[in-house]
Amino acid sequence: MTGQAPAPGRPAGRGRGWRARWGIRGIGSVPGVTSDQSASPIVLPSDSAQELAAPAIPAAATVPRQATPVEPDARPPATPAAGAAPDGARAPTAPGGAPDSGAEPAARWGGRFAARLVIVGQRARANPAAEKLGGHLPLVLVTLAVLAGAVLRFATPSHLWLDESLTVEIARRPVGELLDALRHDGAPPLYYLLLHGWIKLFGDGDVAVRALSGLLSLATLPLAWVAGERVGRLATAHGNGAADTPRRVARATLLLFACSPYAIRYGSETRMYSLVVLLVLAFGLTLVAALAASTRPRLALLTLATTALVYTHYWSFLLIFTVAAFLLLQSRRRPAYRRPVLRAFVAMACSAVLFAPWMPSFLFQMLHTGTPWAPRVQAQVLLDTVFDWAGPQSTGALLGLVLLGGALIGLTARPDGRELAVKLSGRTPGRYLAAVWLAPLTLAYVVNMFGGSAYAERYTGISLPACLMLAALGLSVLPSRRWRSGVLIVASLSGLIGGYQLARVERTQASEIAATIVAQARPGDVVAFCPDQLGPAVYRALTRLGATDLRMAVYADETGPALVDWVDYADRMQRASGDEFARELHELAGPNQAIFLVKADGYRFLEGACSLVSEQLNIRRDRSVEVNKRPLYEGAWLERFGTLR
């Protein structure tokens with residue numbers, strides 16, 4: 001390369017290869033430094049001292065670079081770029097001798113645009129307010145992401161679907177009737193008792209009852225920060241993290257929880273799953289505290305956290321059994337930790353005493369209720385669970401890959417300069433988090449295969465915190481700050497988009513069906529439900545619209561449409577007859593009243609029973625379809641059977 005005077009109008013020192021100095025550390029030229037083009041480039045650690053401040057380098061030092069450095073006040077040689085001409089130079093010509101008409105305007109426009117960017121950058125850098133904002137930009141972005149996730153937990157417009165309507169109907173009853181209804185429902189009582197008190201204070205409207213889950217989901221965020229910081233501190237103590245790893249892991253954990261589509265989805269639903277996630281975090285923190293110092297207050301808190309978990313959801317037993325087995329294993333392998341470990345184990349076992357009053361109901365539920373609606377699952381469900389947590393397919397695939405990749409890094413890697421040192425057998429605390437994440441889900445799969453219990457995505461919240469913390473650990477030990485920030489931004493945005501889709505989607509046609517019935521029905525008309533699982537949501541919508549003068553009938557269930565009786569459900573459905581139910585409806589309506597049939601097929605143990613009911617009624621009466629089934633989580637048809645044939 002030979003020296004050449006700069007073109008007219010070109011700022012001094014801005015030749016080819018020049019880059020504007022935007023105040024980013026490590027970018028720009030260093031005065032008095034020459035480059036060795038023959039040497040291979042040196043890669044400096046992204047978090048090293050060289051990145052924090054450029055030290056003075058002697059003039060004789062040689063630093064390999066990708067491009068020739070440019071002194072700030074020197075005029076660099078002008079080197080033509082491929083396909084573009086520098087200012088003041090002729091445009092390249094085509095083979096016929098005519099100038100390339102598009103090259104010169106493009107080059108001129110690009111030069112002006114680059115110059116404008118330089119001016120804007122200089123002005124922004126000179127602006128004190130912009131400089132102050134830039135220093136707080138990470139905090140601003142994290143705050144905006146957390147606020148967006150918080151808003152989405154209260155933004156669902158959907159009517160309450162089956163599970164939510166059942167929950168509210170049970171919780172609004174007096175405590176004695178509430179506990180008796182739960183014997184037929186199959187759930188433990190803690191969340192229902194909390195919702196019972198909440199309804200007394202704020203009512204049973206859709207927004208009011210869902211707000212409890214939203215607040216419980218928000219309460220997980222500070223615990224997620226603390227838990228993430230503990231994970232980072234443990235990683236650093238074992239040599240698997242840097243000094244600022246605890247803060248990084250805490251921030252990443254907070255973002256993953258705040259933007260989690262699972263957390264957003266069930267933070268906007270009147271069910272106990274937000275409470276489960278909250279209690280799992282509380283259980284983990286109290287366990288770590290009890291292992292660190294086995295004082296009576298800490299052990300008592302561990303007992304209470306364990307008790308609260310089993311009183312909230314029975315899948316918590318899978319998590320507790322996993323942790324208990326781990327504690328017993330550690331007591332044998334590490335004699336020095338035997339005393340605090342055994343104390344923590346005993347504290348967890350004491351929760352059985354507090355659970356004893358509910359034991360008769362629990363045993364009755366295990367023998368007679370269960371989850372008859374659940375099919376068997378395949379082993380790949382363990383992998384599918386992560387993508388279910390990540391939300392809809394459009395964004396869930398991306399977030400799922402981020403979570404799995406982060407979890408793999410958190411399990412096996414630690415930072416080593418600008419590289420990651422991988423240990424396939426796993427590192428601490430990644431191995432512990434992986435065990436708490438995967439072991440309960442594996443147990444749930446085994447129970448589903450051999451015991452018939454349901455494996456449902458919404459139940460898997462017991463393992464969500466461990467997975468998110470492991471992924472946060474992996475993302476936090478990435479050696480490049482740009483990679484860490486970029487991947488967290490991708491995870492947050494994809495999570496918020498997926499959470500928005502889940503929160504805003506309509507979950508049931510209950511409100512549409514109820515509005516149609518109210519518009520067409522006369523006092524004394526019959527509303528029938530087949531299967532019975534369509535009853536609670538539509539009944540709640542009808543009641544809130546004031547339709548109290550209609551007669552209700554439910555297929556194979558004499559308790560009415562407000563609840564679903566899960567006791568011996570499969571046997572009862574298989575014994576029922578669609579033809580007989582159609583005859584009963586026809587006689588109940590008589591010649592002067594219409595029948596509105598809310599029906600859907602595809603429910604387990606019913607086969608084509610509901611279609612048979614419709615066909616048998618159509619033999620006796622005129623049929624018209626008033627509402628077509630839509631592809632929702634809980635879709636249904638509404639058919640009207642009027643005058644006699």
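Pairs only if they're at least six apart or on different chains, beta carbon under 7 angstrom, first in region 502-519 and farther than 30 Å from Ser394 by Cα, second open to solvent by less than 40 Å² (accessible area, probe 1.4 Å) and modelled with pLDDT under 95; list them, first residue then second.
Pairs found: Ile517/Ala547; Val518/Ala547.
Determine which single condition Ser213 fails, assuming it passes every other condition in (1) in contact (Cβ under 8 Å) with a residue 60 or more places away in the chain; (2) open to solvent by 50 Å² or more (accessible area, probe 1.4 Å).
Failing condition for Ser213: (2).
What single numbered condition from (1) open to solvent by less than 30 Å² (accessible area, probe 1.4 Å); (2) closer than 21 Å to Leu221 by Cα; (3) in a helix (DSSP H, G or I) fails to hold for Thr312?
Tallying (1) open to solvent by less than 30 Å² (accessible area, probe 1.4 Å); (2) closer than 21 Å to Leu221 by Cα; (3) in a helix (DSSP H, G or I), Thr312 fails exactly one: (3).
Given the structure, is Ala150 in contact (Cβ under 8 Å) with a residue 60 or more places away in the chain and either open to solvent by 60 Å² or more (accessible area, probe 1.4 Å) or assigned to a helix (DSSP H, G or I) (or both)?
Here the answer is yes, as Ala150 does meet what is asked.
Which of the residues that make up region 496-519 are hydroxyl-bearing (Ser, Thr, Tyr) and more than 15 Å from Phe154 (Cα to Cα)?
Correct list: Thr508, Ser511, Thr516.
Is it fair to say Ala413 is in contact with a strand residue (DSSP E or B) (Cβ under 6 Å, 6 or more places away or on another chain) and open to solvent by less than 40 Å² (accessible area, probe 1.4 Å)?
Criteria met by Ala413.
For region 512-545, what are the residues that are among the small types (Gly, Ala, Ser), surrounded by fewer than 20 Cβ atoms within 10 Å (Cβ to Cβ) and farther than 27 Å from Glu580 by Cβ?
Once the filter is applied, which keeps residues that are among the small types (Gly, Ala, Ser), surrounded by fewer than 20 Cβ atoms within 10 Å (Cβ to Cβ) and farther than 27 Å from Glu580 by Cβ, region 512-545 yields Ala515, Ala519.
Check whether at least one residue in region 484-502 is in a loop (DSSP other than H, G, I, E, B), open to solvent by less than 10 Å² (accessible area, probe 1.4 Å) and either at pLDDT 95 or above or farther than 17 Å from Gly241 by Cβ (or both), and report yes or no.
No, the conditions are met nowhere in region 484-502.
Residues are listed down the side, and each one gets a yes or a no for (1) closer than 23 Å to Tyr459 by Cβ; (2) surrounded by fewer than 17 Cβ atoms within 10 Å (Cβ to Cβ); (3) touching a Gly at 6+ places or on another chain (Cβ under 8 Å):
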{"position": "Arg172", "(1), (2), (3)": "no, no, no"}
{"position": "Val175", "(1), (2), (3)": "no, yes, no"}
{"position": "Pro188", "(1), (2), (3)": "yes, no, no"}
{"position": "Leu201", "(1), (2), (3)": "no, yes, no"}
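Quick one: count up the residues across region 227-243 that are within 26 Å of the chain's Cα centre (by Cα) and open to solvent by 50 Å² or more (accessible area, probe 1.4 Å).
The number of residues fulfilling the criteria is 4.
Going by the structure shown, is Leu401 out of contact with any Cys (no Cβ under 8 Å at 6 or more places or on another chain), hydrophobic (A, V, I, L, M, F, W, C), open to solvent by 50 Å² or more (accessible area, probe 1.4 Å) and in a strand (DSSP E or B)?
On the way: out of contact with any Cys (no Cβ under 8 Å at 6 or more places or on another chain): yes; hydrophobic (A, V, I, L, M, F, W, C): yes; open to solvent by 50 Å² or more (accessible area, probe 1.4 Å): yes; in a strand (DSSP E or B): no.
Spelling it out, it is not the case that Leu401 is out of contact with any Cys (no Cβ under 8 Å at 6 or more places or on another chain), hydrophobic (A, V, I, L, M, F, W, C), open to solvent by 50 Å² or more (accessible area, probe 1.4 Å) and in a strand (DSSP E or B).
Collect the residues in region 269-296 that are under 16 Å from the mean Cα position of the chain (by Cα), of a type in the set (A, V, I, L, M, F, W, C) and not in a loop (DSSP other than H, G, I, E, B), keeping them in residue-number order.
If the condition is that a residue be under 16 Å from the mean Cα position of the chain (by Cα), of a type in the set (A, V, I, L, M, F, W, C) and not in a loop (DSSP other than H, G, I, E, B), then Leu275, Val276, Val277, Leu278, Val280, Leu281 are the ones that fit.
Just the residues that are farther than 20 Å from Glu164 by Cβ and part of a loop (DSSP other than H, G, I, E, B), please, taken from region 504-545.
Selection gives Ala521, Arg522, Pro523, Gly524, Asp525.
Could you pull out the residue among Ala439, Ala444 that is closer than 22 Å to Thr371 by Cα, open to solvent by less than 60 Å² (accessible area, probe 1.4 Å) and either at pLDDT 95 or above or not in a helix (DSSP H, G or I) (or both)?
Criteria check complete, one pass: Ala439.
Restrict the check to region 317-335 and report whether at least one residue is open to solvent by 90 Å² or more (accessible area, probe 1.4 Å) and within 22 Å of Tyr192 (Cβ to Cβ).
So far as region 317-335 goes, no, none of its residues is open to solvent by 90 Å² or more (accessible area, probe 1.4 Å) and within 22 Å of Tyr192 (Cβ to Cβ).
If you take the residues of region 356-380 that are outside any loop (DSSP other than H, G, I, E, B) and either touching a residue at least 24 places away in the same chain (Cβ under 8 Å) or at positive phi (or both), which of them is least open to solvent (accessible area, probe 1.4 Å)?
Gln365
Looking only at region 263-275, decide whether some residue is surrounded by 20 or more Cβ atoms within 10 Å (Cβ to Cβ), under 26 Å from Val346 (Cβ atoms) and not basic (Lys, Arg).
yes
Collect the residues in region 235-268 that are of a type in the set (Ser, Thr, Tyr) and in a helix (DSSP H, G or I), keeping them in residue-number order.
Thr236, Thr245, Thr253, Tyr262, Tyr266
The values are calculated or read from the model by the stated rules, or taken from the named source; none is laboratory data. Source: prediction; values computed, not measured. Methodologically, a virtual Cβ is constructed for each residue, glycine included, from the backbone with ideal geometry; neighbour enumeration extends over all protein chains shown. Quick note on the areas: whole protein, heavy atoms, side chains included, nothing else; ligands and nucleic acids left out. Shrake-Rupley method; radii C 1.70, N 1.55, O 1.52, S 1.80 Å.
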